[in-house]
Protein chains: 2
Amino acid sequence: MYGMIGKMVAVQGKRRELLDLLLETVGDMPGCLSYVIHEDPADENAIWITEAWKDEASHKASPQMPAVRAVIARARPLIASFGDHVITRPVGGHGLGTAR
Amino acid sequence: MYGMIGKMVAVQGKRRELLDLLLETVGDMPGCLSYVIHEDPADENAIWITEAWKDEASHKASPQMPAVRAVIARARPLIASFGDHVITRPVGGHGLGTAR
């Protein structure tokens with residue numbers, strides 16, 4: 001498996017709009033086992049995303065999907081910055097859905 | 001929902017043993033929607049855990065479960081340190097299982 005934990009910061013006041021956009025495509029990415037979007041309660045503009053994928057290739061392919069590409073284009077003006085991210089190797093747990 | 005993203009570092013050479021222990025109880029915590037355990041590919045002793053719970057009360061109650069308590073007791077000598085953790089508010093996504 002392949003995973004990522006990352007943070008992004010919305011443009012001031014745009015977090016809800018950005019969240020709604022990100023939630024649009026989230027159930028529909030081949031090879032995606034988990035993709036959970038979190039608000040940061042300590043920062044009104046920050047979002048955390050925790051991901052688990054079947055493999056790195058699935059993760060790399062997702063931004064090429066037309067639906068995901070369209071969301072990225074609409075999301076970009078709502079993103080102020082990206083924080084650190086960590087690449088991980090998920091080993092198991094609860095809530096790892098079935099990949100399409 | 002209530003979430004957490006955290007890191008722990010195993011005692012040198014004990015990560016696999018610690019992972020196996022943590023995986024033992026992971027499907028069985030009431031109110032737990034997602035609990036994914038990740039290796040850190042950049043640090044041979046580090047583990048990341050990403051969690052989503054129905055609410056904060058479920059998260060706080062889990063260490064009181066006898067099975068979880070037993071695992072914590074066995075895990076403690078295998079843990080060298082805890083890294084930073086972030087408390088989150090999951091808003092949705094893919095792979096949020098059903099809570100017991």
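Some values worked out for this structure:
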| read-out | value |
| --- | --- |
| Among (1) at the interface with chain A (Cβ under 10 Å from one of its Cβ atoms); (2) within 25 Å of A:Arg15 (Cβ to Cβ); (3) exposed (fewer than 14 other Cβ atoms within 10 Å of the Cβ) - the single one B:Asp84 does not satisfy | (1) |
| Pick from segment A:15-42, criterion at the interface with chain B (Cβ under 7 Å from one of its Cβ atoms) and of a type in the set (A, V, I, L, M, F, W, C), ranking: surrounded by the fewest Cβ atoms within 10 Å (Cβ to Cβ) | A:Leu23 |
| Among residues of segment A:87-98, those that are in contact (Cβ under 8 Å) with a residue 12 or more places away in the chain and surrounded by fewer than 18 Cβ atoms within 10 Å (Cβ to Cβ), counted | 4 |
| Any hit, segment A:55-77, residues being facing chain B (nearest Cβ under 7 Å) and either within 28 Å of B:Pro30 (Cα to Cα) or out of contact with any Cys (no Cβ under 8 Å at 6 or more places or on another chain) (or both) | no |
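Laboratory data are not the source of any read-out in this text; all were calculated from the coordinates shown. As the structure is a computational prediction, the values presented were derived from the model and not from experiment. In this analysis, Cβ positions are derived from the backbone assuming ideal geometry, glycine residues included, and neighbour counts consider all displayed protein chains.
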